Amino acid sequence: MSRWKSGKIILIISMLCSGIFIISLSTCYAQAPAKTDDRLMKIYRAAAPKINDLIDTKLDVRFDYKKRYLYGKEWVTLRPHFYPTDTLRLDAKGMDLNTISIVKNGKNIPLKFRYDDSLTVAIQLDKVYHNNETYTIYINYTSKPNQLKVKEGAAINDTKGLYFINPDSTEKGKPVQIWTQGETEYNSAWFPTIDKPDQKTTDEISMTVPAKYVTLSNGRLASQRNNGNGTRTDTWKMDLPHSPYLIMMAVGNFKIYHDKWRNKEVNYYLEPRYASYAKEIFGMTPEMIEFFTKTLGVDYPWNKYSQIVVRDFVSGSMENTTATLHGEHVQQTHRELIDAYYDFARQSIAHELFHQWFGDYVTCESWSNLTVNESFADLSETLWAEYKYGKDAGDAHNYAAMQKYLNTPDANTKYLVRFYYDDKEDVSDAVSYEKGGRILNMLRNYLGDAAFFKGLNIYLKNNAYKTGEAQQVRLAEEEASGLDLNWFFNEWFYGAGHPVLNISYKWDGDAKKEIVYIQQDQPGQIFKLPMAIDIYAGGKKERHKVWINDKADTLTFAEASKPDLVNVDGDKMLLAEKTDNKTLDEFVFQYFNAPLYLDRFEAITAAASQQTDKGAQKVMIAALHDKYYELRIKAIKTLNMTNDDIHKAALPILTSLAQTDENTLARAAAITALGKLKASGNMNIFKQALSSPSYAVQGAALTAINLLDPNQALSLAKGFESDNKGALTQAIFTVYVNSGDTEKWPYVLKEFNAQANVNINMVRSFAAMTGRIAKPEYAQQGISALKALGIKFKQFGLAPVINGLLTNIKTERVKLKDESSAKAVDDAIKQIDDAK
């Protein structure tokens, strides 16, 4: 599953040094609020005991769109796992269980059952069964996901398993859809099952749906039958076993693009208006399947691979076996894809595909071992970036993911394999994803690609269509490499935290020795760290492979002359916080001589803070031509153009980049930098950039024009109202909110309410327009929008900011003698304060 997690608001609020809040709603999974019940944290979360084993699940379902019900018939075949038993317990959340029978000689014989708290059903079988016997249970039931309640009565809003999207067609422009979401244990909200990851079942699902709609489920489409009453019954059959949470359904008006890998179907299901972009969005999938197949030495293990995009999905994406379901973030037009590069959508496509091996083919035996699903899928994002976009892209993704982990509160207190947790959803976090992926990348670097991937091959083949845990990964990697890896797994899989390294250097000229001091400053365990140290001296680089074993290590290297650079962690693979006490001159040398993305990133960071230095200036100017676009952007954004030397050297380069950089995001960054100079001589560059197909370039250009000539920007912005996304949408909003009046208000209000990404500068400018707008009814619309924002994000500390802006609005409305809006402000502040 991709990183947006169900049931939680996706929100990050961080305070920058400038005192500005940034709110991002699109690029991360939710951070769960801290739990206070320590008692729950002391419960050992074991794998679910296997009393009975699922063998096959057969479903016949139809849907009541008006009531949001599913009417189901189920035939589930099981056998005792080992010990004889005369009882069966199934998970069945919030259902009406009409009849439960055992099937004998084609007849249904009713059984006694007890439905406990509407969550699980205990069934008394007709006799004692042994593990050499199978039996089939028939259940007639009604699923009511929208009425589902937990024990304490609170609605499960985003974990109801089965979702009806716009079923009454009341939301204009939104398609009517049905889809399911099973992870972690929510498929038991729409069919009774043993809803645990250590169960595996084949399945067959017959869906009766309006004939105008398309369906998708796991496996193959075995049959379609027109019923003559405006409905059609599609039967999907999954012939290989997989875990219940990976079973899926989707129904709606989708267009299917048919692709293939070798001789297997590869299909893309999209809303009709995005169908023409299917190949652009998903077209790399066959190449990804081939790459992962060759990398792992295990052919893609299923009969087909389909991907479908749905509305209002409660997660990022979900790796249902043979049928990945994506949220609408993946659905993009050609113009959006121009600026996408290796964005979250493309990362998700790689991530979910890799799950077809790690998660579906071999599934974590318990949520405590979620790492064998998610850490590997997270690693795949780096593997694909390296392969498709180059090593710099892979390293950049790896570093960004590490920063997500390092910047997540309390992540350093959690184990990767986690047998103690409050709620199973809590395991889906920056530890299981980003930290786990980085740990695997370190292991890959330590063992080498050949041994590492051979170990993955052994793990997959040994546990095919079964379950796995981290210890099995260890044993497979040990078998492949011949090395003991207990120390690594104890540190990283069964321990918490990460190294916090303080690195310093000393040259002993008399003894001709370079001395490196490495101090581990983190609390808790001391890490054993194999690493490379590269020493650059006399025009050559010499690599030393060393082990750091203690809280403080001193390493001594004999050198003929003082090194130009000592590069600790030469492969830039360590998951660690580092304070690297190099001189600026050493960082300058590092930029021009050390080859990796992070080598250059660190050097640019050091140079950016000291741009009066000639060496730093050389780095900043050279970085404008860096081969990797993210580093060009980093240099552009950190240039100090008030420095005369920097300005003189950088201006012609920025001018060229603003017109010719092949990367649209780098070109947009250059335009933005030029715009801040407010030089009228650049107006033609900005106007020419408005003709770019890139939203990022157009947005930067319109913003730059607005800084030079707001009236001209106001006139130009109207021409982009019918087709804008992302940066261009933000630019139009900024132009209108700063210079527009009542005729622009409907557009401003619509975009403010629709924004998936909101920053506080946008909120402030919207509030300012609300304060000055001529019409009181418009002012009150703005006050209502701000009130809704303050209530929604009150728990994250935004309420005082919104209340302050509302108070400013009241002052302005009083000046305009608008008493009704002033009163609306008072009411809004009271409602925010009273909100829970």
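The values are calculated or read from the model by the stated rules, or taken from the named source; none is laboratory data. Note that this is a predicted model, so its numbers are computed, not measured. Positions of Cβ are generated from backbone atoms using ideal geometry, with glycine treated the same way; all protein chains shown enter the neighbour counts. For the accessible areas, the whole protein counts, side chains as well, though only heavy atoms, and no ligand, DNA or RNA atoms are used. Shrake-Rupley method; radii C 1.70, N 1.55, O 1.52, S 1.80 Å.
For every residue, the table says whether it meets (1) within 37 Å of the chain's Cα centre (by Cα); (2) acidic (Asp, Glu).
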site: 551; (1), (2): yes, no
site: 556; (1), (2): no, no
site: 561; (1), (2): no, no
site: 573; (1), (2): yes, no
site: 576; (1), (2): yes, no
site: 586; (1), (2): yes, yes
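Condition check ((1) more than 34 Å from the chain's Cα centre (by Cα); (2) modelled with pLDDT of 95 or more) across all residues:
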| site | (1), (2) |
| --- | --- |
| 692 | no, yes |
| 708 | yes, yes |
| 722 | no, no |
| 732 | no, yes |
| 741 | yes, no |
| 752 | no, no |
| 757 | no, no |
| 763 | no, no |
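Residues that are in contact with a strand residue (DSSP E or B) (Cβ under 7 Å, 6 or more places away or on another chain) and surrounded by fewer than 16 Cβ atoms within 10 Å (Cβ to Cβ) do not occur anywhere in segment 808-831.
Restricting segment 284-300 to residues that are part of a loop (DSSP other than H, G, I, E, B) and open to solvent by less than 20 Å² (accessible area, probe 1.4 Å), the residue that is farthest from residue 352 (Cα to Cα) is 298. The residues on offer are 543, 600, and the sole one that is within 27 Å of residue 386 (Cα to Cα), of a type outside the set (Phe, Trp, Tyr), free of Cβ contacts under 8 Å to residues at least 40 places away in the same chain and open to solvent by 20 Å² or more (accessible area, probe 1.4 Å) is 543. Of all the criteria given as (1) exposed (fewer than 15 other Cβ atoms within 10 Å of the Cβ); (2) within 33 Å of the chain's Cα centre (by Cα); (3) at pLDDT 95 or above, the one not satisfied by residue 524 is (3). Do we find a residue being open to solvent by 10 Å² or more (accessible area, probe 1.4 Å), touching a helix residue (DSSP H, G or I) at 6+ places or on another chain (Cβ under 8 Å) and either free of Cβ contacts under 8 Å to residues at least 60 places away in the same chain or not aliphatic (A, V, I, L, M) (or both) anywhere in segment 378-386? Yes, the conditions are met somewhere in segment 378-386. Taking segment 768-805 as the range and being under 14 Å from residue 836 (Cα atoms) and modelled with pLDDT of 90 or more as the test, the residues that pass are 787, 788, 789, 790, 791, 799. Within segment 147-194, the set of residues being of a type in the set (S, T, N, Q), at pLDDT below 95 and under 28 Å from the mean Cα position of the chain (by Cα) comprises 157, 159.
Scanning segment 666-682 for residues that are in contact (Cβ under 8 Å) with a residue 40 or more places away in the chain and over 27 Å from the mean Cα position of the chain (by Cα) turns up nothing.
Of everything in segment 658-694 that's among the polar types (S, T, N, Q) and under 20 Å from residue 725 (Cα atoms), which residue is surrounded by the fewest Cβ atoms within 10 Å (Cβ to Cβ)? Ranking the qualifying residues of segment 658-694, first place goes to 691. Can you pull out every residue in segment 773-798 that is within 15 Å of residue 755 (Cα to Cα) and open to solvent by 40 Å² or more (accessible area, probe 1.4 Å)? Correct list: 788, 792. Scanning segment 325-354 for residues that are open to solvent by less than 10 Å² (accessible area, probe 1.4 Å), touching a Ser or Thr at 6+ places or on another chain (Cβ under 6 Å) and not acidic (Asp, Glu) gives 326, 348, 350, 351, 354.
The condition (being open to solvent by 20 Å² or more (accessible area, probe 1.4 Å), within 25 Å of residue 435 (Cα to Cα) and in a strand (DSSP E or B)) is satisfied by just one residue among 579, 556: 579. Report whether or not residue 116 is at pLDDT 95 or above, surrounded by fewer than 17 Cβ atoms within 10 Å (Cβ to Cβ) and among the acidic types (Asp, Glu). No: the conditions fail for residue 116.
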